[in-house]
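Below is one structure, written out as structure tokens, with a few remarks after it.
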Amino acid sequence: MSENKIINLMTNGSEKSLIIAEELKHKFEALGYTANYDIDENAVLNICVGGDGTFLRAVHKTGFSSTPYVGINTGTLGFFQEISVLEIDKFIKNFVAGDYDMEKLDLLEGRVYSREHKEYFHNALNEFVIRSEDTSIIHLDVFIDDNHLQTFAGDALLVSTPSGSTAYNYSAGGAVLYRSLKGYQLTPLAPINSKAYRSLLNPLVLPSDSVLTLKRRPEDKAGTLVINDGLNVLCDNFDSIKIKTSDKWINKLQFNNNWYWLNIKDKFI
Ligand code: NAD
């Protein structure tokens, strides 16, 4: 354990989460830690109290920090939220004793290019979804490492990390990729297959060193939504997005090595 004993607490603001966060604050402070709701970049731990959305927001709010994250589940589903409210004392004891593993979760890097050649940079822990601002069909030229693969027509294209594969990707018929697998997945949402369009109907798993480019066809008039881990970014003059596995990752504490499969069975089967 390093000398620094600062803990960042983040919640979804619900009454239950605020009560649990206060309980954590008091218990950690009794052990000589400083726990507060301001983000300190020198903290030893980021605690996220809520559901998976809280974990995602906390990761974005802390700028995909190298400080490890842990999730305390006060929501319903908890793919990032390993610790239940009944396990708080055990979690604190194990954390203080250093009795845990560190899971590395890969991120996606997305570079959005506008028609004015401006570039906007984003990271995603779960996924990027590229769709029309309205309900119109989106047409995207899909390139893998500069090879043109298809002109997609449909509702949207979703690009997910292995950790995000159990989220929106799973609902869209994508495969579950174990979190430590290297690579990412391209999944179509309602692809059109007709005489006019030939879109891939199934998801494609790409190696982590591949660069995926999705370029909007010029005949599309509606604005483009880039949805980043559930956060909508409207891009009026969207030209393309280049996506690859990021050089950055986040660290998540893992206390039960069987938790992933227990969770998959509990939530999906
Ligand atoms: P939220 O907490 O309401 O999350 C929405 C749902 O997605 C919850 O049931 C949550 O448990 C689940 N989820 C999030 N990340 C997950 C993961 N890695 N594995 C399994 N389930 C996961 O909060 P939010 O901020 O709205 O969450 C954003 C996420 O919601 C997006 O990243 C996207 O993956 C997901 N989403 C799913 C659908 C769908 O399944 N049809 C549609 C839109 C968004």
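The values are calculated or read from the model by the stated rules, or taken from the named source; none is laboratory data. Just so we're clear, the structure is a prediction, and the values are computed from it rather than from any experiment. For neighbour counting, all protein chains shown are included, and Cβ atoms are generated from backbone atoms with ideal geometry for every residue, glycine included. Accessible surface is based on the protein model in full, side chains and every heavy atom, while ligands, DNA and RNA are left aside. Shrake-Rupley method; radii C 1.70, N 1.55, O 1.52, S 1.80 Å.
Observations on the model:
- Angle in degrees between helix 15-29 and the longest Cα principal axis of the chain, rounded to the nearest 10: 50 degrees
- Amide hydrogen proximity for LEU149: with H placed 1.01 Å from N in the peptide plane, the residues at 5 or more positions away or on another chain lying under 5 Å are VAL142, PHE143, ILE144.
- Using the Cβ-Cβ distance between ILE264 and GLU119 with R0 set to 45 Å, the FRET efficiency from 1/(1 + (r/R0)^6) comes to roughly 0.75.
- Computed over the alpha-carbon pairs of the chain, the distance histogram in 5 Å steps reads 1, 6, 13, 16, 17, 14, 11, 9, 6, 4, 2, 1, 0, 0 percent, short to long.
- Shown here: segment 107-247, whose C-alpha atoms stretch 40, 36, 28 Å along the first, second and third principal axes, sorted largest to smallest.
- Ligands, DNA and RNA are left out, and with a 1.4 angstrom probe the accessible area of segment 107-247 is 45 Å² per residue.
- Between 0 and 90°, nearest 10: helix 259-268 axis offset from the chain longest Cα axis: 60 degrees
- Counting charges near ALA172 (Lys, Arg +1; Asp, Glu -1) among other residues having Cβ under 15 Å from its Cβ returns a value of -1.
- Relative contact order [Cα under 8 Å, 6+ residues apart], segment 168-228, whole percent: 29 percent
- Only one residue of GLY230, LEU253, THR213 has its Cα farthest out toward the positive end of the dipole of the chain, where Lys and Arg carry +1 and Asp and Glu -1 on Cβ, and that residue is THR213.
- Contact order, relative form, for the chain: 20 percent (alpha carbon pairs under 8 Å, 6 or more residues apart, mean separation divided by residue count).
- Taking a straight line from the alpha carbon of LYS5, these lysines sit under 20 Å away, with near neighbours fewer than eight places off in the same chain left out: LYS25, LYS27, LYS90, LYS93, LYS252.
- Projecting the Cα positions of VAL96, THR34, THR67 onto the charge dipole of segment 10-117 (unit charges on Cβ atoms of Lys, Arg, Asp and Glu, taken about the Cα centre) puts THR67 furthest along the positive direction.
- Kirkwood analysis of the Cα pair distances in segment 6-99 returns a hydrodynamic radius of 13.0 Å.
- Look at where the Cα atoms of segment 218-246 and of segment 147-211 average out, and the two centres are 16 Å apart.
- Apportionment of accessible area to carbon and sulfur, the chain, percent (1.4 Å): 52 percent
- Amide H contacts under 5 Å for ALA35, placed H, 5+ residues apart: ILE7
- For segment 6-99, relative contact order (Cα pairs under 8 Å, six or more residues apart, normalised by length) works out to 27 percent.
- Computed from backbone phi, the HN-Hα couplings of segment 161-168 come to 7, x, 5, x, 5, 8, 9, 4 Hz, rounded to whole numbers (Karplus: 6.51 cos²θ - 1.76 cosθ + 1.60, θ = phi - 60°; Gly and Pro given as x).
- Under 9 Å, Cβ to Cβ, from ALA124 - net charge with Lys/Arg +1 and Asp/Glu -1: -3
- Computed over protein heavy atoms with a 1.4 Å probe, the accessible surface of segment 1-58 works out to 48 Å² per residue.
- Near-label residues of segment 87-105 by backbone N, under 12 Å of a point 7 Å along Cα→Cβ of ILE39: none
- Taken about its Cα centre, segment 6-99 carries a charge dipole of roughly 80 debye when the Cβ of each Lys and Arg holds +1 and the Cβ of each Asp and Glu holds -1.
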